[in-house]
Structure formats: C-alpha cells, structure tokens
Amino acid sequence: MRTLAALLLLLAAPPAFAGAQIYEPLADSVRNRLSALVSDRAPATMAFHSPQDAQRWLAAMDQRLELLRTVHYEALRARLDPQLVLGIIEVESGFRKYAVSGAGARGYMQVMPFWLKLIGHPRHNLFHLRTNIAYGCAILRHYVDLEKGDYFRALGRYNGSLGKPEYPNLVLSAWKGRWKYDGPTA
C-alpha cells in the first residue's frame, strides 16, 4: 500500500518548469574540476554520522531508495544539500526520468546536452539516473561557486532564468517546505 501511495505521489508531481541553461565559457581549471565530478564511477554509497541517522532519513523519505541514494551521494560529493537537489528535481522534471524540456534539457535535473561535450563525454546518457544527477549537481555547484554562495542567483543560472524570481522561489520553497529534513545528512 505504501508503494502504491509513493507511486501515486510521483505521478501527481507538478508539471516541469525547466528553462534553457545558457552556454558560458569555462576556464580550464573549472572544466577539469567539473569533468572530474561527472567522470567518477565509484558505487553510490551513503554517508551519515550513524546508522540510526541513516534509518531515520530513509524512513522519512519512504520508498524512493535508488533515487534517494543517488541524490544523497552526488549532492554530498558536490557539497550540496540533498534536499535542495530533491527540490530542483521536483521543479525541473516532476521526478520524470525521461523528461525533455522545450529547450532540450533532459532527465531528472533537466541537464542541457551541451554539458556532455563541455565537462563529460558525448556518449554519456542524460537519462541514466546517476549520470543525470552527477551532471546536475556538478553544474549547480559550479553556479553556486560562481555566485559566491548566493543560491537564488545560482538557481537562476541553473535554469537559464537569471534575474527572474519565479524559478528560484519555486525551488527554495520545495527545498525548505516539502523536502525539509532537520536531521543530520552527513
């Protein structure tokens, strides 16, 4: 019954709100750092202070284990809050693995294909769960660093809507509302 409820929740997700990321030239050092983030093939593992913290987090997040493990691992690798990444996925794709925006962004985190050549490999599949989340987290980390920790502006860059409040407000609301988790995650 809980699995059915989780499935219905995912199917009832709000419509995608993906924008068009804008290509921006990267310094070689930034490109190399981002490339290293998406090229690591270590198995996805979880990192918590204790097994009890892990169990509390998993219970709170219910049946979405594979997605949650991947989000947790890739978000922490990129020094991001996993709940922020869940908020982005909710707003960007409505948790639809095969979502494609009008601008051509793909997958859970709506990654634009130009990033494959820029920081990864053209053969990478943006509909693959871990690949999509790794790219999305690396790109968001780049924008957070570029904006010196200003999440509002970084989210605008991520979505290609810099200077417009709608998208950052939707993500920040999802992050601090539906995906809020007060326990330790790392």
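The values are calculated or read from the model by the stated rules, or taken from the named source; none is laboratory data. None of these values were measured; they are calculated from a predicted model. In this analysis, Cβ positions are derived from the backbone assuming ideal geometry, glycine residues included, and neighbour counts consider all displayed protein chains. Heads up: the accessible areas ignore ligands, DNA and RNA and are worked out on the full protein's heavy atoms, side chains in. Shrake-Rupley method; radii C 1.70, N 1.55, O 1.52, S 1.80 Å.
Quick notes on this structure:
- So residue 116, is it more than 24 Å from residue 169 (Cα to Cα) and touching a Phe, Trp or Tyr at 6+ places or on another chain (Cβ under 9 Å): yes
- Of the residues 127, 95, 48, the single one that is among the hydrophobic types (A, V, I, L, M, F, W, C), part of a loop (DSSP other than H, G, I, E, B) and more than 23 Å from residue 160 (Cβ to Cβ) is 48.
- The stretch 148-186, residues that are in contact with a Lys or Arg (Cβ under 7 Å, 6 or more places away or on another chain) and assigned to a loop (DSSP other than H, G, I, E, B): 162, 183
- Filter result for residue 58 (under 14 Å from the mean Cα position of the chain (by Cα), surrounded by fewer than 21 Cβ atoms within 10 Å (Cβ to Cβ) and farther than 21 Å from residue 156 by Cα): no
- Among the candidates 52, 63, residue that is under 24 Å from residue 177 (Cα atoms), among the polar types (S, T, N, Q), open to solvent by 50 Å² or more (accessible area, probe 1.4 Å) and at pLDDT 85 or above: 52
- Listed by first and then second residue, the pairs linking a residue in the stretch 163-175 that is free of Cβ contacts under 8 Å to residues at least 24 places away in the same chain to a residue that is of a type in the set (A, V, I, L, M, F, W, C) and assigned to a helix (DSSP H, G or I), with Cβ atoms under 6 Å apart and 6 or more places separating them unless they lie on different chains, are 168/152; 168/155.
- Hits in the stretch 158-178 (condition: within 14 Å of the chain's Cα centre (by Cα) and crowded, with 20+ Cβ neighbours inside 10 Å): 158, 159, 168, 171, 174, 175
- For the stretch 128-156, filtered to residues that are among the basic types (Lys, Arg) and in contact with a Leu (Cβ under 9 Å, 6 or more places away or on another chain), the residue that is farthest from residue 82 (Cα to Cα) is 153.
- Filtering the stretch 80-92 to residues that are open to solvent by less than 30 Å² (accessible area, probe 1.4 Å) and more than 14 Å from residue 19 (Cβ to Cβ) leaves 80, 82, 83, 84, 85, 86, 87, 89, 90.
- Residues that are farther than 17 Å from residue 133 by Cβ and touching a residue at least 40 places away in the same chain (Cβ under 8 Å), drawn from the stretch 58-100: 60, 62, 63
- Members of the stretch 93-120 found to be at pLDDT 95 or above, crowded, with 20+ Cβ neighbours inside 10 Å and closer than 18 Å to residue 38 by Cβ, listed by number: 105, 106, 107, 108, 109, 110, 111, 112, 115
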